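The values are calculated or read from the model by the stated rules, or taken from the named source; none is laboratory data. Just so it is clear, the structure is predicted and the values come from calculations on it, not from any experiment. Here Cβ is always computed from backbone atoms with ideal geometry, including for glycine, and neighbour counts include all displayed protein chains.
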Amino acid sequence: MKKAIIILFFVYAAAGCQQKEEPKSPYQFPTGPVQGGPVQVQDDVKILREAVKKDPGNVNAWIKLGNTMMDTSRFHEAIEAYQKALEIDSKNVDVRVDLGTCYRNVGRPDMAVKEYKKALEINPQHLNGRKNLAVVLAYDLHDNKQAAKEFEKYLELVPNAPDAAQIRQEIQKLKSVK
């Protein structure tokens, strides 16, 4: 009898220790900055291009395609993807800001400013939009007065930002240049 109880105890203990297999989730589009090597990026791009071909109204696929292109410095292709995303959702502030950054990276600071301003019309408190606008105004268009104002608006939104001291120095520098 004792032997039977001991055997049952070990059977139950062993059964309880077995790991259950987790159900596999459906494929998720790649997210965040590109982490893999060139082969992984090519695979991600291929998957995303197939997704937007099958469903051109899939705003998330367009955004992820744009992000992948931007993260791999393929700015012209990112611009195309972001424009498609904005045709579907014109009020997506993050996409507008990313589009502006891509325009800056292809030498179109005028278009970058236009996109940043559109983003800030939708959300005047968008920190990256505000700071990016100031940067382009200062370093690409040399509009120091307006750049200083944009940096000041940024600091009004986040006076204790990690880069606040650096931004204050930049404002002083911009105001001192005639």
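Looking at K117, K53, can you tell me which residue is of a type in the set (K, R), in the same structural domain as K149 (by TED's automatic domain parsing) and out of contact with any Ser or Thr (no Cβ under 7 Å at 6 or more places or on another chain)?
After ruling out the rest, the residue left standing is K117.
Let me spell it out: the conditions are (1) over 24 Å from W62 (Cα atoms); (2) surrounded by 21 or more Cβ atoms within 10 Å (Cβ to Cβ); (3) not polar (S, T, N, Q), and P124 meets all of them except one. Which number is the exception?
(2)
Is the range 84-106 home to any residue that is among the small types (G, A, S), farther than 26 Å from Q166 by Cβ and out of contact with any strand residue (DSSP E or B) (no Cβ under 9 Å at 6 or more places or on another chain)?
Yes: the range 84-106 contains one or more residues that are among the small types (G, A, S), farther than 26 Å from Q166 by Cβ and out of contact with any strand residue (DSSP E or B) (no Cβ under 9 Å at 6 or more places or on another chain).
Identify, please: which residue in the range 128-151 is among the basic types (K, R) and surrounded by fewer than 19 Cβ atoms within 10 Å (Cβ to Cβ) and is, among those, nearest to G100 (Cα to Cα)?
Ranking the candidates gives K149 first.
For a quick check of your reading: which helices (runs of 4 or more DSSP H) sit entirely within the range 90-161 and have at least 3 residues that are among the aliphatic types (A, V, I, L, M) and closer than 19 Å to S176 by Cβ?
It comes to 144-157.
Return the pair list, or none, for Cβ contacts closer than 6 Å from residues in the range 51-63 that are within 16 Å of E77 (Cα to Cα) to residues that are of a type outside the set (A, V, I, L, M, F, W, C) and part of a helix (DSSP H, G or I), at least 6 apart or on different chains.
W62/K84
Residue under question is V97, and the condition is that it be crowded, with 20+ Cβ neighbours inside 10 Å, in contact with a His (Cβ under 8 Å, 6 or more places away or on another chain) and not assigned by TED's automatic domain parsing to the domain that holds T72; does it hold?
yes
Condition first: outside any helix (DSSP H, G or I) and among the polar types (S, T, N, Q). Now tell me which residues in the range 57-78 satisfy that. Steps first, answer last, please.
First, pick out the residues of the range 57-78 that are outside any helix (DSSP H, G or I): 57-58, 72-74.
The answer is N58, T72, S73.
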